[in-house]
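Trainee: One structure coming up, written as structure tokens, with questions to follow.
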């Protein structure tokens, strides 16, 4: 392999990582709490029955279950684009953020319910651990970075100040 090809491959990998890191950080922050929030809906009989059906899906049905949130949120994203194109940028961005939160919450919960069947799909069982290892490695680098440590320190100071304020 020539040095130019190696350089281009490294550059492409770095760009892809830089583009994916914000998404990974959002998913890392929101995955568990948002899934737990959706899990509370299981108190409702309809939702409990829906979750029970998801748990019993065969592997390929479990995979197809991920398309439901994508399909349901597509009109919302199209509406956001329409709003953005008509000069309502703040409303469009708000709508997209809310859609991302709802979508992440639902996908995280679906994944919790169908991880077992998904792991019976050979290519998923082979690639998911690799994806998870890569994601964990990238997040470890981010967590070790100086900007991340500075933001965490600032957040801790703000939290301490807020606790002191509430105690007084």
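Values quoted throughout were computed directly from the atomic coordinates according to the rules given, and no laboratory measurement underlies them. Keep in mind it's a predicted model, so treat the numbers as computed, not measured. Quick reminder, even Gly has a Cβ in these numbers, built from the backbone with ideal geometry, and neighbours come from all protein chains shown.
Trainee: Could you please state, rounded to a whole Å, how far the C-alpha centre of region 73-145 is from the C-alpha centre of region 8-31?
Mentor: 12 Å
Trainee: Assuming a ≥ b ≥ c are the square roots of the Cα gyration tensor eigenvalues, decide whether region 30-120 counts as rounded (a/c under 1.5), prolate (otherwise, with a/b larger than b/c) or oblate.
Mentor: Judged from the Cα gyration tensor, region 30-120 comes out prolate (a/c at least 1.5, a/b above b/c).
Trainee: Which entry in (1) 15.7; (2) 21.7; (3) 13.2 is this structure's computed mean projected area of the Cα convex hull in nm²?
Mentor: (1)
Trainee: By how many nm would the segment from residue 5 to residue 47 lengthen if fully extended, with 0.36 nm per residue of separation less the alpha-carbon distance? Display every interim value, and only then the final one.
Mentor: Numbers: separation 42, 0.36 × 42 = 15.12 nm, distance 5.15 nm.
Full extension from residue 5 to residue 47 adds 10.0 nm.
Trainee: Name all residues of region 90-120 having a backbone nitrogen under 17 Å from the label point set 7 Å from the Cα of residue 37 along its Cα→Cβ direction, giving them as ranges.
Mentor: Answer for region 90-120: 94-112.
Trainee: FRET efficiency for residue 55 and residue 132, Cβ-Cβ distance as r, R0 = 25 Å, nearest 0.05? Mind showing how you got there, number by number?
Mentor: Details: r = 21 Å, r/R0 = 0.85.
E between residue 55 and residue 132, to the nearest 0.05, is 0.70.
Trainee: Can you give the FRET efficiency to the nearest 0.05 for residue 93 and residue 151, using r as the Cβ-Cβ distance and R₀ = 22 Å?
Mentor: Working: r = 22 Å, r/R0 = 0.99.
Computed FRET efficiency for residue 93 and residue 151: 0.50.
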